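Colleague: Here's a structure for you.
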Amino acid sequence: MTEVAGTLIGTFLIGIFFYLDSDLHKTRQGAAAADRYLRSGVRWVFLVLAVPLIVSLTLAGLEPIWGALTFIALSALLVAATADTTHRIVARGSSAISTAFVVNEIISTAAVAVLVTLPWVLGGWVPPPSAFVPSLLLALGSGFFSTVALVMTLFGPARQDDTPA
């Protein structure tokens, strides 16, 4: 899982660099709101991918209690970041960059609620390492689909209102 999370982080970084160099970033109306959302979203993706990266390393090298504590700390940060990105996409005057981002936001918010609670539902107060596996896979999937949403926005067909007259 650690290798997959590291690969996804690298892929996401490449997508961000392409976005920063794209016309979507430079010429978009409402770019300030879109950039604030993207900064918040980038923080969210790094956190969601940090969960399987750091928790799996902790579970492999330390006692299960340390894995649980690491998961709790990262989950708290992830919940706060999820609230921030959700607020930015639904706030008045915000900029919904693409339909892919809106759909991804809805799905990932639901995924965070599940992945944060699942280890304790499956394993009790100090879950065994195996109880974290579904949450870690869900975090990897959420990070992957967030990267896909970014790539679809950058390299997908131009929206009707973005095409030159």
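Colleague: Once the piece of chain linking A80 and I106 is laid out straight, how much longer is it, given 0.36 nm per residue of separation minus the C-alpha distance between them? It would help to have the intermediate numbers written out before the result.
Modeller: Numbers: separation 26, 0.36 × 26 = 9.36 nm, distance 1.54 nm.
Computed gain between A80 and I106 is 7.8 nm.
Colleague: Which length gain, in nm to one decimal place, applies between V121 and I65 when the Cα-Cα distance is subtracted from 0.36 nm times their residue separation?
Modeller: Full extension from V121 to I65 adds 18.6 nm.
Colleague: Highest mean first, how do 64-75, 115-126 rank when packing is the count of other Cβ atoms within 10 Å averaged over residues?
Modeller: The packing order, highest mean first, is 64-75, 115-126.
Colleague: Could I ask something else about it? Express in nm, to one decimal, how much length is gained between I72 and V148 on full extension, taking 0.36 nm for each residue of separation and deducting their alpha carbon distance.
Modeller: Taking 0.36 nm per residue and subtracting the Cα distance, the gain is 24.7 nm.
Colleague: Rank-order 105-111, 50-56 by packing density, defined as the average count of other C-beta atoms within 10 Å over each peptide's residues, highest first.
Modeller: 50-56, 105-111
A short reminder: the numbers here are calculations on the coordinates, not readings from a lab. As the structure is a prediction and not an experimental result, all values here were calculated from the model. Glycine also receives a Cβ, built like all others from the backbone with ideal geometry; neighbour counts cover every protein chain displayed.
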